[in-house]
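Q: Quick one: the structure is below, and I'll ask about it shortly.
None of the figures in this text is laboratory data; all of them are computed from the coordinates on show. Remember, predicted model here, so these are calculated numbers, not experimental data. Positions of Cβ are generated from backbone atoms using ideal geometry, with glycine treated the same way; all protein chains shown enter the neighbour counts.
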């Protein structure tokens with residue numbers, strides 16, 4: 001059984017709810033709960049204790065981000081929170097920005113001074129392939145272009161690509177160029193890119209056109225433009 005005191009308390013609570021509803025209908029503006037003033041709390045018919053709780057939370061440096069958190073901090077009953085939710089404007093969730101990883105700039109090494117150990121650091125190259133690369137480099141008297149790596153026996157295309165990503169012709173090849181006018185057939189045939197047959201053809205052209213310089217003799221040879229470019233590395 002309720003006595004008059006209980007009845008009066010119930011009426012006061014109902015009146016408080018009614019006052020809040022009237023205030024909310026009259027003030028459609030939405031408020032950020034992190035910046036509520038004591039005056040706003042008073043307007044909504046809430047006790048000063050609610051404002052104190054909000055102030056205590058603010059001092060932690062944290063932010064109220066949703067209705068459940070607001071209710072947990074203020075301790076308000078569900079019915080009051082439901083009436084207030086249309087007046088509250090919570091901040092949007094923070095976007096997580098992930099810093100882009102800093103790309104390490106690959107410092108290429110000089111292919112002509114690369115050691116066996118340097119070469120074996122490339123994926124796909126072991127002791128055998130590293131030895132072949134160094135042997136071919138010595139035969140050429142140094143790489144003049146990374147494209148010459150395609151000529152190394154037994155190197156797959158993906159391994160050559162990996163080499164080109166990690167090495168460069170930073171130090172020019174030290175090629176001893178020979179005078180075409182004096183070179184013998186035997187010496188000429190031993191140069192890179194020249195077989196005995198091709199060397200004999202060039203010697204024959206030299207005998208046939210003794211007055212023509214080497215650059216003019218190329219037009220009479222049956223060599224491709226690529227072959228000529230390679231052979232010219234060793235002759236003048």
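Q: Counting just the residues of the stretch 91-116 that are in contact (Cβ under 8 Å) with a residue 60 or more places away in the chain and out of contact with any strand residue (DSSP E or B) (no Cβ under 6 Å at 6 or more places or on another chain), which one comes out farthest from residue 171 (Cα to Cα)?
A: If we take residues in the stretch 91-116 being in contact (Cβ under 8 Å) with a residue 60 or more places away in the chain and out of contact with any strand residue (DSSP E or B) (no Cβ under 6 Å at 6 or more places or on another chain), then 106 is farthest from residue 171 (Cα to Cα).
Q: Please note which helices (runs of 4 or more DSSP H) are completely contained in the stretch 100-177 and include at least 3 residues that are in contact with a helix residue (DSSP H, G or I) (Cβ under 6 Å, 6 or more places away or on another chain) and surrounded by 11 or more Cβ atoms within 10 Å (Cβ to Cβ).
A: So the answer is 116-120, 157-166.
Q: Based on this model, can you work out whether residue 199 counts as buried (at least 16 other Cβ atoms within 10 Å of the Cβ) and not in a loop (DSSP other than H, G, I, E, B)?
A: Against the criterion (buried (at least 16 other Cβ atoms within 10 Å of the Cβ) and not in a loop (DSSP other than H, G, I, E, B)), residue 199 qualifies.
Q: Go through the stretch 55-90 residue by residue and tally those that are part of a helix (DSSP H, G or I) and either free of Cβ contacts under 8 Å to residues at least 40 places away in the same chain or crowded, with 16+ Cβ neighbours inside 10 Å (or both).
A: So the count comes out to 20.
Q: Give the stretch 32-46 a look and list any residue that's exposed (fewer than 12 other Cβ atoms within 10 Å of the Cβ) and not in a helix (DSSP H, G or I), or say none.
A: 37
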